[in-house]
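Mind looking over this structure? Questions follow.
The values are calculated or read from the model by the stated rules, or taken from the named source; none is laboratory data. Just so it is clear, the model here is predicted, and its values are computed rather than measured. For neighbour counting, all protein chains shown are included, and Cβ atoms are generated from backbone atoms with ideal geometry for every residue, glycine included. In case anyone asks, the SASA skips ligands and DNA or RNA and just uses the protein heavy atoms, side chains included. Shrake-Rupley method; radii C 1.70, N 1.55, O 1.52, S 1.80 Å.
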Amino acid sequence: MNVNGQRLITLLGAFFGVVLCQHSSSAATIRHDQTASLYLDLAAQADFAPVGKFVNSWGYSGNATLIAPDWVLTAAHVLTAASGGTFTLNGTAYASAQMVVNPGWNGNAFNGYDFALVRLSTQVLGVTPAALYVGSAEVGQVGTYVGHGFTGTGFTGWSALDNQKRAFHNLIDGNFGNPAMLLGSDFDNPNSA
């Protein structure tokens, strides 16, 4: 996939990571028959550099993606009851200056409005922001999911919180009966025909 395509998938993956997981950090369930380094190495690729972690003023955390030098996209539920927060990218922390929650957010992550913007007090230098995905034919495509937080295998479920940045590829299957604006993936058996 070309670099622009990777950046588009990065934003898509980060958006799924922050929107679909309501835990204090997103979870990445990995395959038991693959080494953990595959997921860490994929996340470390330059195309996924804009994906960082946002921790709000009371310690609740989630993924966030740099979309402009001083703006990040995160989940609205991460900002609930917060007075501020910190975006961390490549070990550098950036304080929030403004938080803008989608006006359609009603506390239900499955209503399709669980996203927010955070303006940073200083610009992030040396990292190219993710490009806005403007496509509309996601179902059946392979998406790249990137995030921090819990991990585990398909046998154990998510069980360990290590906050390492991981990434994985999966087929975008559809909306699973949710509103059309939410997409998802299930866990496909790689040995199936």
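If r is the Cβ-Cβ distance from A131 to F155 and R0 is 35 Å, what FRET efficiency results, to the nearest 0.05?
0.45
Along Cα→Cβ, 7 Å out, is where each label goes; now give me the distance between the ones at N108 and S83 in nm to one decimal.
3.2
When the chain is fully extended, how far beyond the present Cα-Cα distance does S37 get from D186, taking 0.36 nm per residue of separation?
Stretched out fully, the S37 to D186 stretch lengthens by 51.5 nm.
Please report the accessible area of W158 (heavy atoms, 1.4 Å probe, ligands and nucleic acids excluded) in Å², nearest 10.
Here the accessible area works out near 110 Å².
In what sequence, highest mean first, do 60-70, 86-96 appear when ranked by Cβ atoms within 10 angstrom?
60-70, 86-96
Please report, as a whole percent, how much of the solvent-accessible surface of region 40-193 comes from carbon and sulfur atoms (probe radius 1.4 Å). Walk me through the intermediate numbers first.
Working: 4310 of 7610 Å².
On region 40-193, the fraction of accessible area on carbon and sulfur atoms equals 57 percent.
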